[in-house]
Every structure is written in structure tokens, then in C-alpha cells.
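Worksheet: the structure to be examined is printed underneath.
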């Protein structure tokens with residue numbers, strides 16, 4: 001029998017990390033902190049290098065012999081191509097302003113999750129290989145050799161960053177850590193070092209048009225279920241169209257909303273809203289994914305996956321594109337799509353057929369976010385709303401990183417929210433708007449095997465929700481992001497039980513009085529409406 | 001003056017030491033930010049640890065009630081249950097209090113048999129606290145595994161429904 005430690009021995013366990021500096025301390029792979037490695041078939045399908053069976057915790061990563069050369073060349077290419085990358089490699093003065101701003105650092109207490117140090121993982125190699133001082137002085141000039149341990153450290157920590165950019169808000173130089181992580185992941189992908197939670201959706205999306213690999217009949221089938229539920233709640237049977245040529249608007253949303261709660265309630269919200277407006281729109285079973293996990297892989301892969309959206313808009317002959325509620329989708333579409341796959345000169349500048357509002361902000365890319373679209377409808381009194389139907393909810397608002405911090409969409413969702421609910425409570429100032437805390441699961445890290453990482457990364461967000469839950473009775477966390485809807489549910493269950501998660505358009509649809517609807521007794525989730533619940537209580 | 005009164009007067013100092021003891025389980029570069037204990041929302045770890053330890057200290061002196069102690073314990077144990085600690089490492093901070101209380105009582109009451117009895121009694125309370133913490137730690141770990149299973153179920157629910165493999169409960 002093995003020797004059992006005595007209580008006194010246990011209490012003396014040393015928790016100190018090794019006394020060697022970070023550069024010389026190899027990373028230890030801890031369960032719950034990383035995702036499964038990419039499968040060969042996922043890489044093969046899109047022509048990515050080095051497809052093979054491998055496990056991140058194994059010593060042998062089955063790398064090509066010249067792996068180091070590939071990475072160094074990869075860095076050189078990117079230094080030439082991206083001035084931002086070159087700048088970010090040189091300008092950090094290590095002031096530390098970013099250090100405690102990262103949700104992963106806060107939750108893990110691991111210094112390598114300080115944004116400055118995460119960037120330093122690459123910078124140290126950059127200095128050694130690309131600067132004169134580093135070539136001559138090595139470690140004295142902050143340079144270090146690229147070794148297998150360094151590569152493993154990159155993989156571990158670049159898949160512990162959600163590219164949320166909170167740190168960049170506080171950086172006096174505006175260094176965008178997201179771009180450094182993006183490049184870090186690109187370099188790792190040159191050796192086939194992706195995670196399956198990203199690589200799988202990428203190959204699915206490439207073949208079938210969406211991350212989940214839903215085929216056309218499955219998409220239609222899933223929506224049919226929602227239509228049944230809508231009929232139960234409202235008495236109205238909605239008949240959306242798919243792949244309809246000549247529709248005025250193409251609607252593109254993250255596929256996550258098509259198959260898992262609570263995203264499905266948001267999708268039901270879209271269906272009901274568009275029906276009520278009599279919108280001339282169509283769903284596409286090909287451009288069936290607004291999100292883009294290619295963006296978490298490489299710039300080229302992001303571009304390849306994105307190309308279907310304009311292509312489908314052209315094929316169907318629509319005038320403009322409306323986008324569903326999603327976070328990174330919106331950043332990709334707004335900041336990348338036009339340069340990747342534009343110009344979309346075959347489309348028209350989006351104009352709401354209901355209010356006549358021209359969306360000048362979308363003049364070039366020709367796509368409007370549904371929160372902007374609905375805010376405009378409400379501003380022009382085009383919807384009949386009864387916010388009291390949401391009176392059983394006390395809602396707080398999670399600003400999704402890419403939409404809020406990335407795109408500045410702060411007011412539109414709040415305007416819509418305040419119009420459809422009577423009880424809205426903001427979370428504390430340091431945790432919302434530009435300073436919003438990430439859900440901890442973005443950029444393809446919303447797998448289940450890294451649950452501990454997600455719970456730690458999401459802790460600062462959950463802590464703020466807990467505050468409004470305990471002090472103001474908040475019981476619902478609203479957002480406009482599919483990854484949030486998928487991942488915050490678990491986060492709330494762990495940290496703040498009693499708080500649900502919903503999309504904006506679920507609340508819109510609950511409050512919206514539809515023409516010819518039956519008297520509603522439940523919300524979209526089948527929960528009794530407050531008025532009905534009150535009556536039942538009396539009886 | 002009785003021991004509890006002396007410890008109460010040294011509350012700030014005792015909680016400081018206890019807080020430092022728990023911080024010593026983190027990397028030294030992480031401790032600085034954690035010490036900003038007023039920043040409830042931007043430094044939730046330091047804030048929750050400090051508030052939790054204060055509450056636990058008071059509870060130990062007052063004789064604990066499970067209802068009052070759970071919230072304070074939760075503020076610390078829930079986070080440490082998902083951090084990179086073994087269960088013994090995660091909860092060993094509780095036993096640190098025994099040493100800290102002895103050190104605090106030390107000079108003034110050394111050799112006093114009543115104090116010694118009282119310290120042994122407090123040791124028992126701290127042991128009870130450790131047992132509560134162990135339950136909570138296990139609950140947190142079980143929740144993590146339940147969440148993993150739940151996510152797998154959520155992802156496949158519609159597919160199972162579509163394949164008519166889910167029976168609806170009929171009222």
C-alpha cells in the first residue's frame with residue numbers, strides 16, 4: 001500500500017511555482033485547461049498542413065522535421081504582410097496596464113495569462129530571430145530560442161485567449177492583443193496545431209455552409225420545430241422561405257441558434273418579427289452560418305468561409321443582407337468581409353422597407369445587424385409592444401466583446417431592450433460597454449473538455465451578474481451573441497444559479513403583439529406569462 | 001480578558017495574515033493585483049477572498065451556523081475548485097487559521113490552561129469548517145462534470161427529437 005501523507009504533511013504542500021523565470025519554465029498541461037487537438041480529417045478537408053492523430057498532452061506532437069523553419073518563415077511572412085503585427089512586436093514598454101485586465105489572468109492567477117506576457121511569448125522569439133540586439137545578446141535582450149517547449153507554451157496560451165480585446169482598451173499604445181493571438185494561432189496552424197472544437201466546425205462550414213454541418217433538410221426541419229412551438233404560443237403558423245430567388249433581403253445568422261436552447265428562442269424571435277413585418281426575406285441553407293471559426297484559424301481560412309455570404313446574396317439576387325445576433329460574426333462581417341470578398345457592388349445600400357431608413361453605416365458592406373434594424377423599427381413606432389409580458393424577468397445586459405468593444409454597438413441593443421422589458425438593471429460600470437468582461441468561451445473555446453478554463457475565464461463576468469442578482473433580483477442575462485447564449489448558460493449555472501440566458505429577439509418576440517394572434521398564456525419557453533401566473537395564484 | 005475578545009481585537013491583523021496565507025498559493029506575480037481588495041468588480045478574486053475570510057473568521061468566533069458560513073465559504077471554495085489545485089491544496093487554507101490564531105494568542109496567554117482549552121475548542125470549529133468546505137468543494141466538482149454532461153445533452157436534444165427518440169411527458 002502506498003504511503004499516505006499525514007495531515008501535517010498535506011498542510012505543508014508547497015504551492016510555489018518553480019523558481020526559474022518564465023522563459024525557462026516549461027508549460028505543464030493541466031486537465032480542464034485545454035481542448036482536444038484537431039483531428040486529421042478536419043484538417044485534410046480544407047487542405048491544412050500536417051493532418052495526423054495527435055494529443056496535446058502527449059510528448060510527441062508528430063511535427064514535420066523542419067517545423068522550426070516553418071514557424072520562423074511564417075513569422076517573417078507576417079511581419080512583412082501586417083504592419084500591425086510588426087508594430088506590436090516592437091512597441092510594448094511593459095508598463096503593466098494590461099496585466100490585470102484579462103479575465104483569464106484574473107481567474108487563473110497565471111502570469112502567462114497577463115496580456116503583456118502572452119504577447120511576450122512570441123516577442124521573445126521575434127527578438128532572437130529578427131532583431132540585431134536579440135541575435136547577439138540573446139536572453140539579455142529579451143530573446144529566446146524557439147524550442148518544442150516554447151511551441152507548446154504558445155499552443156497552451158494562445159488557446160487561453162478569447163481575443164476579447166479588453167486589455168487593448170487599457171493599453172496606452174493601443175496594442176491589440178487579439179491580433180497577436182490571431183497571428184499566434186495562424187503560426188500554430190502551419191503545423192496542424194489547432195483544436196478540434198475549431199477545426200471541426202471549420203471543415204463542416206467549408207463543406208456544408210455551417211459550423212454544425214447541418215444539411216439543408218435538417219435546417220428546414222429544425223426551423224419546423226420552432227414553427228410548431230410558435231404556433232402553440234401565438235396560434236399563428238408562419239411559413240418562412242428558403243433559398244428563394246428574388247427576395248429583397250437575405251437573412252444570415254449563426255447556426256448555433258438553429259439547434260440548441262436558448263439560441264433557438266432567439267431564432268423563434270426572428271421568425272416572428274419578420275412575419276409580423278411582412279418582410280420580403282429568405283433564409284439560405286447554404287450561407288447558413290454567420291459565424292466564422294475560420295477567423296480563429298487564419299486570415300485565409302476566414303476569407304474562404306466568408307465568401308459564401310456575398311456569393312449567395314448574388315445567386316439569390318437580393319438587395320441587401322440582414323444579420324442575426326452574433327458577436328464575432330459581426331466583427332468579421334463589418335471589419336473584414338468587404339476587403340476579403342467585396343466589393344458587393346451588386347447589392348444596394350440597405351434600406352428598411354418598413355421605415356425607409358437608409359443604413360448609411362452599411363453603405364459599403366451592405367449588411368445590417370438585426371439589433372440596429374429592430375431599434376429603428378421601434379424608434380419609428382412600427383411594432384406593437386407589451387413589455388409587461390416580460391415582467392417575470394429582471395434583465396441585465398452582457399455587452400458581447402466583439403459587438404460592443406469591437407464595433408461600438410452599445411446603445412442599439414439597450415434601446416431595444418428597454419422598449420421590450422420593464423425591468424432592466426445595468427451591471428457595475430467597470431464590467432460593461434467598452435470595459436465588458438468576456439464570457440470566457442469566445443474564439444472557439446466553448447468546448448466542454450475545458451470547462452475549468454471557461455469557469456475561471458468567465459468568473460469576472462459572473463461576479464458582476466451575481467452582484468445584480470443578489471442586490472436587484474436579476475434573473476435573466478441578455479446578449480446578442482450566439483457563443484454567449486451557448487456558454488453563459490453553464491457559467492450561470494456554476495456561479496449564479498437562478499439567472500437564465502437569452503437573446504435580445506426572444507424578449508422582443510415575447511413583448512410583440514402580432515396581428516391576429518391568440519391570447520398568449522406563455523412566453524416562448526412555455527413559461528406562464530406574469531398575468532396568467534397571477535390569475536392562477538388567485539384561483 | 002478572554003481569548004475570543006483578544007482575537008476579535010486583532011481581527012484586522014489575523015485576517016491579513018490569513019489572506020496572505022491564501023495568496024501564497026498563487027504565483028508571486030499574481031499576488032499584487034489580488035491585494036487590491038477594494039476593487040469588487042475588477043479584482044473579484046481578491047475582493048471575494050478578503051470578504052470571505054472576514055466572514056469566516058467572525059463565524060468561527062461566534063460559533064458557526066451552516067447558513068451564515070456557506071456564502072463566505074462559497075466565495076473562496078468555488079473559485080479554487082476550478083483552479084489548478086488538488087483538493088487538499090485547495091482547502092488547506094482553512095487549517096492555516098489554526099496556526100494564525102495560536103500566533104495571535106501567543107504572547108499574552110501562553111501557559112494559561114483556559115486559553116489552551118479555548119484554542120482546542122476553536123480547532124474543533126475550524127475542523128468543522130473544513131468539513132463544510134469539503135462538501136462544497138465536492139459539490140463544485142460534481143457541478144463541473146454535470147455541466148459537461150448537460151452541454152452534451154443540449155447539443156443533441158434537437159437531433160434526438162428529430163429522430164423521434166425523445167418521449168414527451170403527457171399530462
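Tabulated data for the structure shown
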{"item": "Bins of 10 Å from zero: percent of alpha-carbon pairs in the stretch B:47-123", "result": "17, 43, 29, 10, 0"}
{"item": "Proxy reagent accessibility, fewest Cβ within 10 Å first, across A:93, B:15, A:332", "result": "A:93, B:15, A:332"}
{"item": "Highest-MSF residue in chain B out of B:30, B:130, B:104 [GNM, Cα springs under 10 Å]", "result": "B:30"}
{"item": "Distance histogram for the stretch A:318-377 (every C-alpha pair counted, 5 angstrom bins, percent rounded to whole numbers)", "result": "4, 20, 30, 27, 15, 5, 0"}
{"item": "Cubic angstrom per residue, convex hull over Cα atoms of the stretch A:479-539", "result": "100"}
{"item": "Semi-axes of the equivalent ellipsoid for the stretch B:3-140, Cα gyration tensor, largest first, Å", "result": "25, 17, 13"}
{"item": "Alpha-carbon centroids, the stretch A:223-283 and the stretch A:76-110: separation in whole Å", "result": "41"}
{"item": "Theoretical FRET efficiency, 1/(1+(r/R0)^6), r = Cβ-Cβ of residue A:239 and residue A:351, R0 35 Å, to 0.05", "result": "0.90"}
{"item": "Compactness index (Cα Rg / 2.2 N^0.38 Å), the stretch A:432-500", "result": "1.02"}
{"item": "Overall dimensions of the stretch A:258-317 by Cα: Rg and Dmax, Å", "result": "14.1, 40"}
{"item": "Largest-first principal axis extents of the Cα set of the stretch B:80-140 (Å)", "result": "42, 18, 11"}
{"item": "Value of [θ]222 nm, deg cm²/dmol, for the protein assembly as shown, DSSP H segments ≥ 4, -39500 (n - 2.57) each, nearest 500", "result": "-16000 deg cm²/dmol"}
{"item": "With 10 Å bins from 0: P(r) over the stretch A:200-511, alpha-carbon pairs, percent", "result": "6, 29, 38, 23, 5, 0"}
{"item": "10 °C / 1.306 mPa s Stokes-Einstein diffusion coefficient of the stretch B:32-85, Kirkwood radius on C-alpha pairs, µm²/s", "result": "137"}
{"item": "Cβ-based exposure ranking for A:407, A:365, in which fewest neighbours within 10 Å come first", "result": "A:407, A:365"}
{"item": "Dimensionless Rg ratio for the stretch A:25-194, taking C-alpha atoms and the 2.2 N^0.38 Å reference", "result": "1.02"}
{"item": "Residues A:532, A:474, sorted so that the one with the fewest Cβ neighbours within 10 Å comes first", "result": "A:532, A:474"}
{"item": "Size-normalised alpha-carbon gyration radius of the stretch A:226-347, reference 2.2 N^0.38 Å", "result": "1.08"}
{"item": "Gyration tensor (alpha-carbon) shape descriptor, the stretch A:57-117, a/c threshold 1.5", "result": "oblate"}
{"item": "Values of log10 I(q)/I(0), in the order q = 0.05, 0.06, 0.07, 0.11 Å⁻¹, for the protein assembly as shown under a Debye, Cα-only, solvent-free model", "result": "-0.27, -0.39, -0.52, -1.19"}
{"item": "Span per principal axis, largest first, for the Cα atoms of the stretch A:85-153 (Å)", "result": "37, 26, 21"}
{"item": "Beta bridges by DSSP in the protein assembly as shown, antiparallel share as percent, to the nearest 5", "result": "15"}
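No lab work stands behind these numbers, since they all come straight from the coordinates. What you see is a predicted model, and the numbers here were worked out from it, not measured in a lab. Cβ atoms come from the backbone with ideal geometry, glycine included; neighbour counts cover every protein chain shown.
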